[in-house]
Amino acid sequence: MCRSCGAIVGAGEAQCAVCGASTAKSAIPQQTNVVADRETIKFARAVLNRPFKFTIIILVANVFVFLLMWESSGLSWHALWEVFPEPVLLAYGAKENLLINAPYHQWWRFVTPMFVHVNLLHLLVNMYSLWIVGPYVEKLYGSAKFVVFWVLTGIAGVVASYLTVRPNMPANAFGHFLFKSQDGPSAGASGALFGLVGVLFVFGIKFRRELPEGFKRAFGTGMLPIIMINLFIGYLGRGIIDNAAHLGGLLSGAGLALVVQYRRPGEHVAIATTWRVLQVAALTLVVFSFF
């Protein structure tokens, strides 16, 4: 175990892969040890030690809404694997432009879809992705910023989906990838998930000079394969997958990471209080939208 950051170090390793500190018990003559700088050690400890409770809370909330939808669909095993009936999807807040526009003005459908899933496979894929990506973002930025990121990028994804329902768009490959010719129920946490990926992508580039080696492979350009693979899957599934929501979440997450600092240890109290207020506002918006 690294004495500087607490990370697990493999047997025979000369230095910690996370913070770069030497693992030797004593200095070896004629060998220059890698000295871990103070900020790097703080960074590594932050990622390893901070809690990620709101990742779990959001995951549980998604599962809870899904179980309610399953109950409303008759609790049949058949309903788990096929798409839930349209009345159930709409009753629990799926996005449909017709209901957002006049005369209905159901604006809350910009918020609720990020907690609604169409079947069990949809839920499992998104919740597994949240479990993998969410803890990194929450540990880096803190719970308050994480909640704000989730809600804002989720809304941005729904807005992008709303704006790209264009029945009269030309029927070419790009048009089919991004635009939708029909207005139907759209739901899922993938817009917010892409937002978290966008946050980690920009974070890795923005702080590449102070990132420990072990994190450079995971953040920044290390996120490119994940982004490209998912966009390719979206291209193959165009017409079924809401690619506009994915891109809306990705770009909004990247934009937030450009202007928001990660939660460094010992962050100023006034800054932390501001983000707590924004966190409460974001959660209140979600609860009020479902109400």
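The values are calculated or read from the model by the stated rules, or taken from the named source; none is laboratory data. As the structure is a computational prediction, the values presented were derived from the model and not from experiment. Neighbour counts are summed over all protein chains in view; Cβ atoms, including those assigned to glycine, are modelled from backbone coordinates with ideal geometry.
Report yes if Ser186 is under 27 Å from Leu99 (Cα atoms), in contact (Cβ under 8 Å) with a residue 12 or more places away in the chain, surrounded by 24 or more Cβ atoms within 10 Å (Cβ to Cβ) and more than 12 Å from the chain's Cα centre (by Cα), otherwise no. So Ser186 fits the description; yes. Would region 220-234 turn up any residue that is in contact (Cβ under 8 Å) with a residue 24 or more places away in the chain, closer than 29 Å to Leu123 by Cβ and not in a helix (DSSP H, G or I)? No - not one qualifying residue is present in region 220-234. The listed residues are His105, His117, and the only one of them that is over 14 Å from Ser190 (Cβ atoms), in contact with a Leu (Cβ under 9 Å, 6 or more places away or on another chain), part of a loop (DSSP other than H, G, I, E, B) and at pLDDT 95 or above turns out to be His105.
Restricted to region 96-111, and to residues there that are surrounded by fewer than 21 Cβ atoms within 10 Å (Cβ to Cβ) and in contact (Cβ under 8 Å) with a residue 24 or more places away in the chain, the residue that is nearest to Phe64 (Cα to Cα) is Trp108.
Tell me whether region 161-169 contains one or more residues that are surrounded by 23 or more Cβ atoms within 10 Å (Cβ to Cβ) and either among the hydrophobic types (A, V, I, L, M, F, W, C) or touching a residue at least 12 places away in the same chain (Cβ under 8 Å) (or both). Write out each step before concluding.
Here is the first cut: in region 161-169, the ones surrounded by 23 or more Cβ atoms within 10 Å (Cβ to Cβ) are 161.
Now narrow it down to the ones that are either among the hydrophobic types (A, V, I, L, M, F, W, C) or touching a residue at least 12 places away in the same chain (Cβ under 8 Å) (or both): 161.
Yes, region 161-169 contains a residue that is surrounded by 23 or more Cβ atoms within 10 Å (Cβ to Cβ) and either among the hydrophobic types (A, V, I, L, M, F, W, C) or touching a residue at least 12 places away in the same chain (Cβ under 8 Å) (or both).
Of all the listed residues (Gly93, Gly74), the sole one being touching a residue at least 12 places away in the same chain (Cβ under 8 Å), out of contact with any His (no Cβ under 8 Å at 6 or more places or on another chain) and in the same structural domain as Glu138 (by TED's automatic domain parsing) is Gly93.
Somewhere in region 181-198, is a residue more than 20 Å from Trp131 (Cα to Cα), out of contact with any strand residue (DSSP E or B) (no Cβ under 6 Å at 6 or more places or on another chain) and not in a loop (DSSP other than H, G, I, E, B)?
To start, the set of residues in region 181-198 that are more than 20 Å from Trp131 (Cα to Cα) comprises 181-186.
Among the residues that remain, those that are also out of contact with any strand residue (DSSP E or B) (no Cβ under 6 Å at 6 or more places or on another chain) are: 181-182, 184-185.
Still in the running and not in a loop (DSSP other than H, G, I, E, B): none.
Within region 181-198, none of the residues are more than 20 Å from Trp131 (Cα to Cα), out of contact with any strand residue (DSSP E or B) (no Cβ under 6 Å at 6 or more places or on another chain) and not in a loop (DSSP other than H, G, I, E, B).
In region 215-247, what count of residues is obtained for those that are at pLDDT below 85, in contact with a helix residue (DSSP H, G or I) (Cβ under 8 Å, 6 or more places away or on another chain) and farther than 30 Å from Arg166 by Cα? Summing the residues that are at pLDDT below 85, in contact with a helix residue (DSSP H, G or I) (Cβ under 8 Å, 6 or more places away or on another chain) and farther than 30 Å from Arg166 by Cα in region 215-247 gives 7.
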